[in-house]
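Accompanying notes for the structure given below.
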Amino acid sequence: MNGEIYQTCFIVVAAKKALSNKINISYAPLKYEHKIEFQFLSEGKLFSKKPYQAENVPAWYNHCLEKGLSDIFFTTPTSVKDRAFLGYSNANQNAIVCSYSNNITFFTAQWRFDSSLSKWNILYTEQEWRNAPSEKPHFDNNTESFEKVLLEIKELAHKIGCDYFADLFQKAVGILSGSYDYLRWDHKMPLPDIPVKNLPLFKAADIADVFGAMGSWNDSPPYMAHEKGLDKEYESLSDELLKQNRFALLYAINEW
C-alpha cells in the first residue's frame, strides 16, 4: 500500500480508538517516518495570532480534543484522472476529517524526504470544509464487488503475461474469501487496530494496491495489454480496481 495512505489510516484509527475509549492516543511512527507535524488553522479574529502547530500525533490529538473533537474519519478519492501520478509523493489526496460541534475541518499532508536520514518529514495542514455534508458519510462493505474485479483483472493479467500481478490479485481474493491466512504469514507492516471483521478488506486493499511507479501495474502492463489489443479492458478494470480498493479502505477504517 502507498505509504502516505497507510500513515493516514493509522493516525485515524489511533484517534478513533482514543476518542471512543476516552484514553490517550497511541501512535508508533513507522520505520520511514522521521517527523510528523500538524499546522492548525488560525483561531480567533486576530490575524496576527500565530496558528498552533503540533509537533507530533499526541499533541495534535490533544489540541483537537481541546477544540471539541466529536468524530474523525478517513477520506480518499475513489478515482483519479491519471493513475500514473499515484507513484509520486503528495499525489494521493487522502485526508483526516475532524468533526466538531460547529464545524468540520480536514488535514492533508505534505511529504518531504530528508536524504541525510533517509526518512520522511510530514506536515499535515488543516483546512476548513465548507459546505460539508450535514451527516457523517456511511461506507458499505464492498467485499463482493472487490472480489469480482480482482478475479476479472487477474484473468487479464494472465492474458498479457503478467503472472506476478495475477498472483497478487489471487492472494487478495484469498484474503477476502478467508482461504489465505494473512494474520499468520504476513508481517512486513503492522496491521491497524480495527475490528477483526474489517481486517480482510484492509489487507486485501494493501496487497492489491498495485498503482505505483517503476515495476508497478502502471509501468509495463498497459503496453503489454496494448500489444494484445486489450487497452480498453486494461483501462476499465484498472479504474474499477482502484475504486473498489479505495472503497475497501473507506469501510475498513471508518465503519466501526
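Cut-off under 17 Å on the C-alpha distance; same-chain residues fewer than 8 positions from LYS17 excluded. Which lysines are left, in chain and number order?
List returned: LYS197.
For the chain, take the longest principal axis of its alpha carbons; what is the angle in degrees between that and the long axis of helix 231-254, to the nearest 10 within 0 to 90?
Between the helix axis and the principal axis of the chain, the angle is about 40 degrees.
Can you sort TRP256, TRP120, TRP111, TRP217 from fewest to most other Cβ atoms within 10 Å of each residue's own Cβ?
Least crowded to most crowded, the residues run TRP256, TRP111, TRP120, TRP217.
Output the 0 to 90 degree angle, nearest 10, between the alpha-carbon long axis of helix 163-177 and the longest principal axis computed from the alpha carbons of the chain.
60 degrees
Sum -39500 (n - 2.57) across every DSSP H segment of at least 4 residues in the chain, then divide by the residue count to get the 222 nm mean residue ellipticity, nearest 500.
-13000 deg cm²/dmol
If one computes P(r) from the Cα atoms of region 143-254, what percent of pairs lie at distances over 24 Å?
23 percent
If neighbour count is taken as other Cβ atoms inside 10 Å, put ASP82, ASP209 in order from fewest to most.
Numbers: ASP82 8, ASP209 23.
Fewest-to-most ranking of ASP82, ASP209: ASP82, ASP209.
Would you mind listing how long region 3-128 runs along its three principal axes, going by Cα atoms, in whole Å with the largest first?
Projected onto the principal axes, the Cα atoms of region 3-128 cover 39, 37, 34 Å.
Could you work out how far helix 143-159 tilts from the main Cα principal axis of the chain, as a 0 to 90 degree angle to the nearest 10?
Approximately 40 degrees, to the nearest ten.
Over region 143-254, what relative contact order in percent results from Cα pairs under 8 Å that are six or more residues apart? Don't jump to the answer; show the numbers that get you there.
Numbers: 107 pairs, mean separation 40.0, N = 112.
Relative contact order, region 143-254: 36 percent.
If I take all pairs of Cα atoms in region 172-229, what percentage of them are more than 17 Å from each other?
Percent of Cα pairs beyond 17 Å in region 172-229: 50.
Report the relative contact order of region 11-120, percent, no decimals, based on alpha-carbon pairs under 8 angstrom and at least 6 residues apart.
Once divided by the residue count of region 11-120, the mean separation gives 23 percent.
Can you give the convex hull volume of the alpha carbon atoms of the chain per residue, in Å³?
144 Å³
State the antiparallel share, in %, of DSSP beta bridges confined to the chain, rounding to the nearest 5.
Numbers: 21 of 27 bridges.
So the antiparallel bridges in the chain amount to around 80 percent.
Straight-line reach only, C-alpha to C-alpha below 14 angstrom: list the aspartates and glutamates that LYS136 could link to, leaving out same-chain residues fewer than 8 apart.
ASP71, GLU255
What ranking do 50-59, 141-150 get when scored by the average of other Cβ atoms within 10 Å per residue, highest first?
Ranking the peptides 50-59, 141-150 by packing returns 141-150, 50-59.
At a 10 Å Cβ-Cβ cut-off, how would you order HIS226, HIS34, HIS138, fewest neighbours first?
By the 10 Å Cβ count, ascending, the order reads HIS138, HIS226, HIS34.
Every number here is computed from the coordinates shown, using simple stated rules; none is lab data. Keep in mind it's a predicted model, so treat the numbers as computed, not measured. Glycine gets a Cβ as well: all are built from the backbone with ideal geometry, and neighbour counts include every protein chain shown.
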